[in-house]
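Here is the structure we will look at.
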Amino acid sequence: MLQNEVNPPKKLLRILYADDMRELREVARIALSREGHLIECVGDGQQALDRITADPQAYDLVITDHHMPHINGIELVTRMRELPYQGKVLIFCSELSPAVNETYQKLKVDRILYKPVFPSELRQVLADLFTPVTAS
């Protein structure tokens, strides 16, 4: 018998979410907070970079939009890779060119999700990213 297919992550996550659309930040904040996660939302890539630079160990996951003012997603991830940030990176975007997608792959982002992202899909991705794999 299958148990619930969407297993929550084993631990509560500290998440930083950067997106210039206030409405999307609010939806993510509500959905992830309901799961017990601690989520901090910022409106652009520079604010996200400032938070990560100040304390690279403060977050388990950074979720970022690609198209943002000041610093876009690629610039943010590139600069994060120069820091001792050890968490995971998830990209939210409405569309990406093949070249941009390839750049994210070279930056070793953990996942790219295309908007709109539904809370159930996000919960499943978090479960996939943060649930330890056990040997059968």
_Criterion first (touching a Phe, Trp or Tyr at 6+ places or on another chain (Cβ under 9 Å), at pLDDT below 95, open to solvent by 40 Å² or more (accessible area, probe 1.4 Å) and among the acidic types (D, E)) does E35 satisfy it?_
no
*Pairs, please: C-beta under 8 Å, at least 6 apart or cross-chain, first residue at pLDDT 95 or above and open to solvent by less than 70 Å² (accessible area, probe 1.4 Å) and in the range 42-57, second part of a helix (DSSP H, G or I) and among the aromatic types (F, W, Y)?*
none
*Keeping to the range 74-96, report how many residues are surrounded by fewer than 18 Cβ atoms within 10 Å (Cβ to Cβ), within 21 Å of D20 (Cβ to Cβ), modelled with pLDDT of 90 or more and not β-branched (V, I, T).*
2
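The values are calculated or read from the model by the stated rules, or taken from the named source; none is laboratory data. This structure is a prediction, so every number in the text was calculated from the model and none was measured. We place every Cβ from the backbone using ideal geometry, glycine too, and count neighbours over all the protein chains shown. Accessible surface is based on the protein model in full, side chains and every heavy atom, while ligands, DNA and RNA are left aside. Shrake-Rupley method; radii C 1.70, N 1.55, O 1.52, S 1.80 Å.
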